[in-house]
Amino acid sequence: MQFGIFSVGDVTPDPTTGREPTEHERIRSMTTIAEHAEAVGLDVFATGEHHNPPFVPSSPTTLLGYIAARTERLLLSTSTTLITTNDPVKIAEDFAMLQHLAEGRVDLMLGRGNTGPVYPWFGKNPADSVPLTVENYQLLRRLWDEDVVSWEGRFRTPLSNFTSTPRPLDGVAPFVWHGSIRTPEVAEVAAYFGDGFFANNIFWPASHYERLIGLYRERWEHHGHGPGESAVVGLGGQFFMRRNSQDAWNEFRPYFDNAPVYGHGPSMEDFTSQTPLTVGSPQQVIDRTLTFREHFGDYQRQLFLVDHAGLPLKTVLEQLDLLGEILPAMRAEFESRRPLGVPSDPPSHAHRAAARTAVSQADVAVG
């Protein structure tokens with residue numbers, strides 16, 4: 001089971017002091033958070049992609065390349081790479097380059113994005129978001145899997161005998177997750193290609209995500225990748241914890257009440273009862289996280305959002321320290337409940353490269 005964190009990279013004033021970090025401070029804090037995530041034993045750091053204020057991570061592979069040079073074990077990912085507004089050629093090149101720099105410690109999550117005004121900034125129409133998603137991923141897949149590509153589609157200029165460089169490390173493309181909160185077509189694409197499916201599991205009740213994950217598992221099996229329970233699923237989540245539960249509630253409340261995404265809306269009591277947000281003690285975070293598998297089945301990756309809503313860097317690092325303390329217990333509990341035959345981790349680069357080598361050797365032997 002992989003555990004990690006993801007960042008949306010928001011620049012938000014601290015509601016308790018009124019101080020707003022500069023963009024430079026926020027970017028540097030994200031790199032510090034990633035390094036600390038590795039230090040406390042987490043497996044994954046993921047960054048979002050945004051092109052509008054108050055967010056700073058407009059160039060995820062630049063950020064992740066820097067973090068790759070400062071870490072040794074941490075798997076580097078995105079919590080959204082915009083498959084709708086990015087050119088598939090550039091995605092193919094950027095992430096293959098990052099693969100080489102990070103020695104394979106790379107995967108990515110593709111998503112449509114939820115900010116309509118961004119589309120025309122990149123010459124796209126938000127009404128085309130679903131067909132853009134499907135067509136762009138089909139091209140991206142070919143650019144990674146085929147050395148020479150000739151292609152013509154609806155949304156970009158044709159390609160003739162084109163080779164994307166650099167080629168993926170060891171001939172194996174980065175593992176791809178598809179993130180969605182409401183789009184069955186995305187679940188279908190993920191299942192068809194045997195990719196992972198990620199539900200952010202933050203803003204909605206579990207029942208909202210159950211339908212999409214259930215569809216993904218059903219279609220995974222339909223497309224011949226194995227039993228639905230073996231499909232590769234990832235979930236988001238968020239928490240704020242202190243050793244004393246009431247301290248957590250008292251400290252987090254002003255941040256919750258003023259958060260850009262849900263502040264000035266439902267009360268924290270209502271939100272924690274209706275969504276996976278957990279505010280409380282470390283044991284309460286363990287207990288709540290373990291309930292996710294009751295709704296979604298066994299899964300392979302759990303990412304938490306911890307650095308948002310104006311929380312100071314010092315507080316975020318303290319949250320990571322507490323998460324590091326409970327990681328062994330959460331890992332043990334999840335694995336003790338996992339049925340035989342259900343993978344505990346997503347496919348690693350090393351495993352996929354070895355499988356590719358074995359297939360190539362078998363082909364040579366038969367030939």
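Things worth noting here:
- Residue count for segment 150-164, restricted to those that are closer than 14 Å to Glu135 by Cβ and either part of a loop (DSSP other than H, G, I, E, B) or not aromatic (Phe, Trp, Tyr) (or both): 8
- Residue satisfying all of: in segment 264-301; polar (S, T, N, Q) and touching a helix residue (DSSP H, G or I) at 6+ places or on another chain (Cβ under 7 Å); most open to solvent (accessible area, probe 1.4 Å) among these: Gln284
Yes/no matrix, rows are residues, columns are (1) open to solvent by 40 Å² or more (accessible area, probe 1.4 Å); (2) in a helix (DSSP H, G or I):
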residue: Arg26; (1), (2): no, yes
residue: Glu35; (1), (2): yes, yes
residue: Ser58; (1), (2): yes, no
residue: Tyr66; (1), (2): yes, yes
residue: Ala69; (1), (2): yes, yes
residue: Thr84; (1), (2): no, no
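- Of all residues in segment 5-24 being open to solvent by 30 Å² or more (accessible area, probe 1.4 Å) and within 23 Å of the chain's Cα centre (by Cα), the one that is nearest to Glu318 (Cα to Cα): Val8
- Any hit, segment 205-213, residues being at pLDDT 95 or above and buried (at least 17 other Cβ atoms within 10 Å of the Cβ): yes
- Of all the residues in segment 145-204, those that are over 25 Å from Ala46 (Cβ atoms), open to solvent by 10 Å² or more (accessible area, probe 1.4 Å) and β-branched (Val, Ile, Thr) number 4.
- Residue match in segment 216-223 (condition: more than 13 Å from the chain's Cα centre (by Cα), open to solvent by less than 10 Å² (accessible area, probe 1.4 Å), hydroxyl-bearing (Ser, Thr, Tyr) and at pLDDT 95 or above): yes
- Cβ-Cβ contacts under 8 Å between residues 6 or more apart (or on different chains), taken from a first residue in segment 333-354 that is under 16 Å from Arg293 (Cα atoms) and part of a helix (DSSP H, G or I) to a second residue that is open to solvent by less than 40 Å² (accessible area, probe 1.4 Å) and hydrophobic (A, V, I, L, M, F, W, C), are listed as Glu333/Ile286; Glu333/Leu290; Phe334/Met1; Phe334/Leu290; Glu335/Met1; Arg337/Leu290.
- Test: residue in segment 291-308 that is of a type in the set (S, T, N, Q) and in contact with a strand residue (DSSP E or B) (Cβ under 8 Å, 6 or more places away or on another chain): yes
- Filtered by the rule that a residue be crowded, with 16+ Cβ neighbours inside 10 Å and farther than 16 Å from Asp43 by Cβ, segment 319-332 gives Gln319, Leu322.
- Taken residue by residue, segment 153-162 has no member that is within 26 Å of Gln2 (Cα to Cα) and modelled with pLDDT of 95 or more.
- Boolean, Val306 is under 24 Å from Asp345 (Cβ atoms), touching a helix residue (DSSP H, G or I) at 6+ places or on another chain (Cβ under 9 Å), touching a residue at least 60 places away in the same chain (Cβ under 8 Å) and buried (at least 17 other Cβ atoms within 10 Å of the Cβ): yes
The values are calculated or read from the model by the stated rules, or taken from the named source; none is laboratory data. A quick note: this is a predicted structure, and the numbers were derived from the prediction, not measured. Please note: Cβ atoms are built from the backbone with ideal geometry, for glycine as well, and neighbour counts cover all protein chains shown. For the accessible areas, the whole protein counts, side chains as well, though only heavy atoms, and no ligand, DNA or RNA atoms are used. Shrake-Rupley method; radii C 1.70, N 1.55, O 1.52, S 1.80 Å.
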